[in-house]
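Bear in mind these aren't lab numbers, they're just calculated from the coordinates by the rules spelled out. Model, not experiment: these values are computed from the prediction. Virtual Cβ from ideal backbone geometry, glycine too; neighbours counted across all protein chains shown.
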Amino acid sequence: MADLSAACLQHGLTEEERQEFNETGLIYVRNALSPEQVERGVELTERIHKAKVAEGHDPRTALFYPNFIPDDSFFTNLVDYEKVLPKVWGILGWNIFLYHAHLIVTPPNGEEPNDRTFSWHQDSGRVNVEMESHPRPRLSLKVAYFLSDTNEPGRGNFWVVPRSHVRDTIDRPESGIGQPEGATPVLARPGDAVFFDRRLWHTASPNWSDITRRVLFYGYGYRWLRTKDDMTVEGLWDSSSPIRRQLLGWSVNANGRFSPTDEDVPLRMWLKEHSPAEAE
């Protein structure tokens, strides 16, 4: 399989995007997926959802499904997607891999809208307790590909508090009613991709609409992190290009994740040839 085309560099992180991500903790990439890609993504997530319901999942509740990358080549091809990966390495650098992936299908819940406080959090669990730094280190980011129209509130939107990624705590209403100051829903159309810093305070929200929400989340982090779910992507290594294999967690040996050789990080070798400034 061929590696990246140099044409992907046209989708690199712009200075405006870098500034926005550093200041707010997120950026939007509109129409990252084509209508055909969105249609295929909807078809696959619907198939997965139906299968999980047949296995006993409650169809009225959101489906959180990790380790979906091996399920179809459509998902695998987004691991090194040319319109997105250059922005990922533009933020994190080249010593990266896909440490976590999950899709979410959120059906309408049939409830009336209310103003109960959502479940606000930062990603990475114990990292936020055990890392001795302030602000907490970035470590990773997620890319959310939207397959359904969440361009209006109340559709199970992902909510964020922009600029909160440099805050170790956030004040929630003590009454349990209302959201933190500055909280806002992410409004995205089918095909949009939203990048967000793992430290950004964020939350899911109920789906009070009549539209099923569908989103694919791809989490990229440094190669010395452990995976956050029980990923079974090793079976894809032999059929993957060198860069995709790196992103799927391959390395020469364990130490290659901490002190990588050229063989460990073909992405860096590719950047040395096509964009030397980013290979540092």
So what is the relative contact order for the stretch 96-233, in percent, with contacts set as C-alpha pairs under 8 Å and at least six apart?
47
Report, by chain and number, residues whose modeled amide H sits under 5 Å from the one on Val186, excluding near sequence neighbours (fewer than 5 apart, same chain).
Phe158, Trp159, Val160
Pseudo-spin-label distance Glu39 to Asp71, built 7 Å along Cα→Cβ, given in nm, is 2.1
Once Lys and Arg get +1 and Asp and Glu get -1 on their Cβ, which of Pro70, Tyr145, Pro260 lies farthest toward the positive end of the dipole of the stretch 6-279?
Pro260
Quick check: Cα centre of the stretch 169-195 to Cα centre of the stretch 53-75, how many Å?
25
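Run the numbers on the stretch 6-279 and let me know its relative contact order in percent, using alpha-carbon pairs under 8 Å that are six or more apart. Don't skip to the end; give the middle numbers.
Working: 515 pairs, mean separation 76.9, N = 274.
Over the stretch 6-279, the number comes to 28 percent.
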In straight Cα distance, which lysines are under 28 Å from Lys272, not counting same-chain residues fewer than 8 positions off?
Lys83, Lys87, Lys142
